[in-house]
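Quick notes on the structure that follows.
Throughout, read-outs are computed from the coordinates displayed, never taken from laboratory work. Please read these numbers as outputs of a predicted model, since none were measured by experiment. We place every Cβ from the backbone using ideal geometry, glycine too, and count neighbours over all the protein chains shown.
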Amino acid sequence: MKTAEVIIDVPFFDVDAMQVVWHGNYVKYLEVARCELLRSFNYDYLEMQASGYMWPIVDLSVKYVGSALFARKIKVQARLKEWENRLRIDYLITDVESGKKLTKASTIQVAIDISNMQMCFESPAVLFDKLGYAKP
């Protein structure tokens, strides 16, 4: 399974008056980790586009378990769970110092053929090539 992780220093502009990260900002943290994961197998968004596909997010699920706080470091882990028909990436956000679990999430992306703007019901061969697997 492909995985990646990033460490983020929670900035002041991401928190509310109680110094707690506003819930919508977690999605931004997921994006940072997702980009790192995609780069790890040489298929980031520019490479996707160059290969003739775009991969919009069609589903997002977030479960808030704890609160990320201003000036704390958080670790965002991204793990590729599915790729044959779609990209499913699972995430775990933890507080670096305490190790406390803060957020669990997942995203689903589907391939869209840029030439005809049609959704693909199978992931294209280029994704399998990038991952080092033969397409079934």
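Nearest 10 degrees, 0 to 90: what angle lies between the long axis of helix 25-40 and the longest principal axis of the chain (Cα atoms)?
The helix 25-40 is inclined about 40 degrees to the chain.
For a footprinting-style exposure proxy, rank S61, S123 by other Cβ within 10 Å, fewest first.
The fewest-first ordering by Cβ neighbours comes to S61, S123.
On a 29 Å Cα-Cα criterion, which of the cross-link pairs K75/K130; K2/K28; K100/K130; K101/K135; K101/K130; K75/K135 come out too long? Please list the in-between numbers first.
Values: K75/K130 26 Å; K2/K28 20 Å; K100/K130 33 Å; K101/K135 35 Å; K101/K130 31 Å; K75/K135 33 Å.
Pairs exceeding 29 Å: K100/K130; K101/K135; K101/K130; K75/K135.
I need the phi-derived Karplus couplings for the stretch 66-72: 6.51 cos²θ - 1.76 cosθ + 1.60, θ = phi - 60°, integer Hz, Gly and Pro marked x.
x, 10, 7, 10, 3, 6, 9
Once you have the alpha carbon radius of gyration of the stretch 3-131, what is it after dividing by 2.2 N^0.38 Å, with N set to its residue count?
Rg over 2.2 N^0.38 Å, computed on Cα atoms: 1.14.
Using Cα positions and a limit of under 19 Å, work out the aspartates and glutamates in reach of K73, with same-chain residues fewer than 8 apart set aside.
Partners within reach: E5, D9, D14, D16, E31, E36, D95, E97.
Please report, in debye to the nearest 20, how large the charge dipole of the chain is about its Cα centre when each Lys and Arg carries +1 at its beta carbon and each Asp and Glu carries -1 there.
The calculated dipole for the chain is roughly 380 debye.
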